[in-house]
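Heads up, the thing below is written out as structure tokens.
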Ligand code: DGY
């Protein structure tokens with residue numbers, strides 16, 4: 001008899017076909033986020049759960065999954081899952097790192113260029129028929145080439161962002177949880193990074209230590225001409241403090257792909273021109289999302305077959 005898996009939302013092929021060769025698959029039939037209670041109802045008879053970063057997999061969900069042997073998250077981040085409860089139940093929590101590094105680094109660069117060169121504002125202006133000819137002061141932005149890029153969190157994505165900065169002849173400074181040496185980049189304290197950077201780009205995972213890592217004090221340390229870029233997780237930034245910093249020109253601008261109370265966005269941000277707002281699309285390329293789905297499927301299958309998954313957030317459960 002095949003084991004059962006519950007998939008909280010339809011994922012790109014061929015991952016679904018792959019899952020069906022090994023599991024009895026139940027999929028949320030609607031293309032929407034399930035609320036926690038719907039997952040609780042669906043899960044009691046499932047051996048595996050394939051979920052998304054938009055699903056809240058807290059202790060009540062994990063407790064309802066009495067037969068659960070694996071939680072496979074379709075994401076590299078796993079702050080949506082109560083990892084402590086899963087670990088206490090010896091349930092592996094698998095993730096999809098590596099595969100989305102380049103797509104997310106590319107999007108980080110899209111935000112850097114878009115905010116510094118006022119791409120979104122200029123596009124809107126042009127579409128509105130307001131372009132009456134070249135003008136010396138039309139949409140003056142900030143230079144990117146030769147500036148200093150501060151990377152907070154030098155994991156895979158931070159390093160890929162730094163690599164791209166070389167093409168822009170930038171100086172790169174960074175902070176990191178681990179004492180890693182990165183060529184062409186200088187390790188500094190967070191305070192120093194905030195003080196010297198023209199662009200501060202966030203790549204640290206969301207944990208209890210990094211929640212509101214960037215708050216009012218940190219904005220005041222930044223240059224008035226600096227930009228904040230966030231493609232990691234919204235709660236790393238205090239969004240109200242960011243709104244205030246943008247409104248009062250404490251910093252020059254921001255490029256955001258993620259939000260503190262996603263999908264809600266602090267309303268004042270929508271009215272500002274000095275912020276570019278994207279709907280959490282860091283990994284959203286056809287190639288990347290397809291590979292992520294395959295990896296998530298393979299992770300779930302590997303655990304049920306007693307093999308090592310590609311990546312696991314709580315490796316201690318395998319020992
Ligand atoms: C992740 O995998 O954590 C990303 O945010 C999804 O794009």
All but one of (1) within 21 Å of residue 252 (Cα to Cα); (2) touching a strand residue (DSSP E or B) at 6+ places or on another chain (Cβ under 9 Å) hold for residue 154, so report the exception by its number. (1)
Taking residue 236 and the conditions (1) more than 15 Å from residue 108 (Cβ to Cβ); (2) in contact with a strand residue (DSSP E or B) (Cβ under 7 Å, 6 or more places away or on another chain), which numbered condition does it fall short on, given that it satisfies the others? (1)
Note on region 85-100: residues out of contact with any helix residue (DSSP H, G or I) (no Cβ under 6 Å at 6 or more places or on another chain) and within 16 Å of the ligand (Cβ to nearest atom) are 95, 97, 98
Please specify each residue of region 48-61 satisfying the condition of being away from the ligand (no atom under 16 Å from the Cβ) and in a loop (DSSP other than H, G, I, E, B). 58
Out of all the residues in region 266-289, which are in a loop (DSSP other than H, G, I, E, B), under 15 Å from residue 120 (Cβ atoms) and more than 16 Å from the ligand (Cβ to nearest atom)? 271, 272, 273, 274
Residue set 311, 254, 297; condition under 18 Å from the mean Cα position of the chain (by Cα) and either loosely packed, with under 15 Cβ neighbours inside 10 Å or not assigned by TED's automatic domain parsing to the domain that holds residue 141 (or both); output residue 311
Conditions (1) surrounded by 17 or more Cβ atoms within 10 Å (Cβ to Cβ); (2) in a loop (DSSP other than H, G, I, E, B); (3) within 16 Å of the ligand (Cβ to nearest atom) -> residue 103 fails only (2)
Selection from region 86-100 of residues touching a residue at least 60 places away in the same chain (Cβ under 8 Å) and part of a helix (DSSP H, G or I) yields 86, 87
Say whether the condition of being within 16 Å of the ligand (Cβ to nearest atom), outside the structural domain of residue 296 (by TED's automatic domain parsing) and buried (at least 17 other Cβ atoms within 10 Å of the Cβ) is met by at least one residue in region 62-84. no
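The values are calculated or read from the model by the stated rules, or taken from the named source; none is laboratory data. Everything quoted here is computed from the prediction, not taken from an experiment. Every residue, glycine as well, gets a Cβ built from its backbone with ideal geometry; the counts of neighbours run over all protein chains shown.
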